[in-house]
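The values are calculated or read from the model by the stated rules, or taken from the named source; none is laboratory data. Since the model is a prediction, treat every value here as computed from it, not as a measurement. Virtual Cβ from ideal backbone geometry, glycine too; neighbours counted across all protein chains shown.
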Amino acid sequence: MLLHLDDPTRVLALGVDHLAHEIGSARADAAVIDEADRGYLPGVVSADSADERARIATTELPNQHPVLRSVWCASGAVSFERVRNNRHLVTLEPVFDRLGTTAMLATPIRYGGIGLGVLCLDETGGPRRFTPSDHTRVDRFVQRHLAPVLHASLTRHARKRVTLSAAENDAVRLLAQGMSYAEIGRALGKSARTIDNQLRSARRKTRSRNAVELIAAVELIAAVEHTAAVEHTAAAQTSKRFLN
């Protein structure tokens, strides 16, 4: 996973493939989503055939459904040994019937209290009793390996998406100190018009609507840059333990 730290989708796919093999599930899928998102649409799928992968990847489940909420609220993996004739899953039965799902083990992917996504392991050959060992192996891998590496990967990816120029950073830094455009211009030896253009560009890059949001966004970018090296080191150590 460490070799693909710049690609969160690849990191997630490797984790999904590993767990599907480790647990012996017929297939597995996962998505990087937020708890508040409306739907769960798999971003990566591990399955035998291309048709099955396509079918899973285009099937969206309601993220606010009580069953998915129970997964988000859980501290570890949650198993559903029968998805048919299960009163908690009755509204999802048509979807599971179409996908051929007969049992499921799902877990939140969480790091430092932050929800990163959901991972599901599916059985298609009939009811399956997931053992305590299955739960332990899934929880251990997700919490010790997948979650920290995925978090580091997402952080690096986000940092690359928003990059302000040195001039834009200087202007925002002085803006945060309460300076007016004219004062910032005098401090940096530029016109107020130039400062206005630089701050407009910074707002556009960070999708900020005003100065308050811009300052908050730039502070977040700075925090990410400050912690990225530490997280990269932690991810490297985690992956090394996993590979060993």
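Just one of the numbered conditions (1) crowded, with 21+ Cβ neighbours inside 10 Å; (2) over 21 Å from residue 53 (Cα atoms); (3) without any contact (Cβ under 8 Å) to a residue 60 or more places away in the chain is not true of residue 103; which one? Here residue 103 meets the rest and fails (2). For the condition of a type outside the set (Asp, Glu) and more than 18 Å from residue 98 (Cα to Cα), residue 54 does not qualify. Among the residues of the range 84-97, those identified as surrounded by 14 or more Cβ atoms within 10 Å (Cβ to Cβ) and either not assigned by TED's automatic domain parsing to the domain that holds residue 128 or not acidic (Asp, Glu) (or both) are 86, 89, 92, 95, 96. The number of residues in the range 148-166 being outside any helix (DSSP H, G or I) and touching a His at 6+ places or on another chain (Cβ under 8 Å) comes to 0.
Residue-wise test of (1) of a type in the set (Gly, Ala, Ser); (2) closer than 24 Å to residue 14 by Cα; (3) not in a helix (DSSP H, G or I).
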residue: 88; (1), (2), (3): no, no, yes
residue: 92; (1), (2), (3): no, no, no
residue: 117; (1), (2), (3): yes, yes, yes
residue: 129; (1), (2), (3): no, no, yes
residue: 146; (1), (2), (3): no, yes, no
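Under 7 Å between Cβ atoms, which residue pairs at least 6 apart in sequence (or on different chains) link something in the range 106-133 that is within 12 Å of residue 76 (Cα to Cα) with a partner that is assigned to a loop (DSSP other than H, G, I, E, B) and among the β-branched types (Val, Ile, Thr)? Listed by first residue and then by second, the contacts come to 118/33.
The single residue among 60, 35 that is touching a Gly at 6+ places or on another chain (Cβ under 6 Å), assigned by TED's automatic domain parsing to the domain that holds residue 137 and without any contact (Cβ under 8 Å) to a residue 24 or more places away in the chain turns out to be 60. So which residues in the range 67-83 are surrounded by 13 or more Cβ atoms within 10 Å (Cβ to Cβ) and out of contact with any helix residue (DSSP H, G or I) (no Cβ under 6 Å at 6 or more places or on another chain), if there are any at all? Result: 67, 68, 69, 70, 71, 72, 74, 79, 80, 81, 82.
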